[in-house]
Amino acid sequence: MSSAYDALSCTACGQTADIIDGVPFFGGYEPEDFIGLIEVVATGMMNQSPIDIGFARHLYTLLGNYHHAEDKAEFIRSHPDDMVRAPWFSDHRYHEWMQADTLLAGKDLAGKKILNVGAGFGFDSVPLVDAGAEVTCIDYAPTIVAMGKQGLPAARWIGGFSHALPFKDESFDIVCSNAAMHHMRSTPVALREMLRVLKPGGFLYTCGDPTRPDSSGEELEFEVFNRHEGVLSGVNEGIIRFGDFYDTLHAFGDAIDLGLIATVSENSGIAGAAPIGNGAFGDCWVPCWPQNIDILREQSGGGICVAVTKRASIPIRAECQSPYTLPAGVLAAWLADPETAFTRLMAWAPDRLVNLPFPGDRQNWFNLLNGWMTPEAPFEIRRGFNRARWLLRQPATHELKFAARKVAGSGHLNVLVNGKQVATSAISNEWVQVQAPLTSHAGDAPFLVELRLANESDDMGFDARCFEVRDRILT
């Protein structure tokens, strides 16, 4: 490991780093990471491009101008750049921009050491770099950090995990996470790790994360995500219990100052709420009074931002990863060979995810993230979105048969085994029989079957990208 990264060595467990495309990657993958890695491998086999810094800067300029416009409707109507009329511009992009702008208002970032946890491709780090900060970006996927380094070389890029940050205690002036906490394995562990690496007097903030009542279970998440294009396409995210944020931070008592921005409805009963921005999204600073916290525990159903000032040094034990079975460098080597990447990953599949009942009578995270919507009674048919997958093991299998139909319109359904196309079939709203040879699969290792609609139109609605399957048979 080069001396430039010596300061990043884990002093708690002596962990070393693989160097991947010039980026040090600390730690490796555990069995519970398998579901997310399917999409990492799938996207890693596609052509990807680093972020366009010029585009990012232009977008942030437009968002700032939109924010300060007295007549926002007129701004969108008359601005010469069509980007401002895209649905996402004044919705989630402006929403996230406004939250971050509120949290950082009045702060001088020049020369500050900032850690962006779950930085993705670095899009949201661009304004931090432009403000003169020394930004470190960390993410868990080799493909993401490699693209991030290419697109934003002014930042320092690290591969690693939010539940075991590979940094010394009290290393950063600011630690942030923008719309990323709900993608992480454990919100409480990630928050404690972020607070551990924050200097006394430093500032920690998160924004853009959805929350749910403390009493709710994963059934609520399945209901919300049942027609969520991103989640059905493999974006591994959840909806965080309010208490996972509040209780974790409140436990540090007077060692921190805690501020909350939450989505507040008109009749919520929240006292002392102060709207941020133009109030369009219902975001308000909420005093951490007991009655407000009780209401948020019961009613929380929007988004949350936290703003934490670390008043003093806090003894927090550094988290170390459990023994992992897939080093990041090995995964990166697999991704470099698309012909065999899926096959190698499938050999690492946990047994609990292999040969799940189909159609099944309930939802689970594996099926949801792999494109299958919640099954409905009488549980004979299951609906998939755009592409849906099965993880199977049947050593003597030579052929896969099933019936399929498109929910709306007509098109073609491709069948892939471990990433390689083996069959295609024209489908419409009438049931057709589909047969796919499995001769490319050999041995008793699990194999991944993907059913993928051909993209024959860019303007298809949600239902036009759905198909239904029944009567699956392996022979």
*Work out, step by step, the length gained on full extension between M460 and I473: first 0.36 nm times the residue separation, then minus their alpha carbon distance; give nm to one decimal.*
1.7 nm
*Rounded, prolate or oblate: which one fits the range 3-310, using the alpha carbon gyration tensor with axes a ≥ b ≥ c (rounded when a/c is under 1.5, else prolate when a/b beats b/c, else oblate)?*
rounded
*Determine the shape class of the range 294-417: with a ≥ b ≥ c the square roots of the Cα gyration tensor eigenvalues, call it rounded for a/c under 1.5, and otherwise prolate if a/b is greater than b/c, oblate otherwise.*
oblate
*Residue-wise HN-Hα coupling along the range 135-144, computed from phi with Karplus coefficients 6.51, -1.76, 1.60 (Hz; x: Gly, Pro)*: 9, 10, 10, 10, 8, 9, 10, x, 5, 5
*asked:* Quick query: amide H of I20 versus all other amide H atoms, modeled in the peptide plane; which residues come in under 5 Å with a sequence gap of 5 or more or a different chain?
replied: F25
*Pull out the extension gain between A105 and A251, defined as 0.36 nm times the separation in residues minus the alpha carbon to alpha carbon distance; nm, one decimal.*
49.9 nm
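Let a ≥ b ≥ c be the square roots of the eigenvalues of the Cα gyration tensor of the range 196-328; is it rounded (a/c under 1.5), or, if not, prolate (a/b larger than b/c) or oblate?
Oblate, because a/c is 1.5 or more while a/b does not exceed b/c.
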*Any chance you could give the angle, 0 to 90 degrees and rounded to 10, that helix 187-196 forms with the longest Cα principal axis of the chain?*
40
*Which whole-number percentage describes the relative contact order of the chain, with Cα contacts under 8 Å and a sequence gap of 6 or more?*
14
*Burial ordering of M460, M147, M194, M181, fewest other beta-carbon atoms within 10 Å first*: M460, M147, M194, M181
*Which entries of K72/K113; K168/K420; K149/K310; K149/K406; K72/K199; K72/K406 show an alpha-carbon separation above 32 angstrom in the structure shown?*
K72/K113; K168/K420; K149/K406; K72/K199; K72/K406
*Divide by every residue of the chain the summed helix terms, -39500 (n - 2.57) for each DSSP H run of at least 4, and state the resulting mean residue ellipticity at 222 nm, rounded to the nearest 500 deg cm²/dmol.*
-7000 deg cm²/dmol
*asked:* How far apart, in nanometres, would the label points at D82 and S425 be if each is projected 7 angstrom from Cα along the Cα-to-Cβ direction?
replied: 3.9
*Do you know the relative contact order of the range 348-455, to the nearest whole percent, from alpha carbon pairs under 8 angstrom that are 6+ apart?*
27
*asked:* Give me a comma-separated list of calculated 3J(HN,Hα) values for the range 332-343, in order, Karplus coefficients 6.51, -1.76, 1.60 applied at θ = phi - 60°, integers in Hz, x for any Gly or Pro.
replied: 4, 5, 4, 5, 6, 10, x, 5, 10, 4, 5, 4
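Please give the contour-minus-distance gain from A131 to E74: 0.36 nm per residue of separation, less the Cα-Cα distance, rounded to one decimal in nm.
17.6 nm
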*Magnitude of the charge dipole, the chain, Cβ model with Lys/Arg +1 and Asp/Glu -1, debye to 20*: 700
*Quick one: which residues, 5 or more positions from V135 or on another chain, have an amide H under 5 Å from its amide H? H modelled 1.01 Å from N in the peptide plane, none for Pro or chain starts.*
I114, R156
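Read the figures in this text as sums done on the coordinates, not as results from a lab. Nothing here was measured: the structure is a model prediction, and the numbers come from that model. Here Cβ is always computed from backbone atoms with ideal geometry, including for glycine, and neighbour counts include all displayed protein chains.
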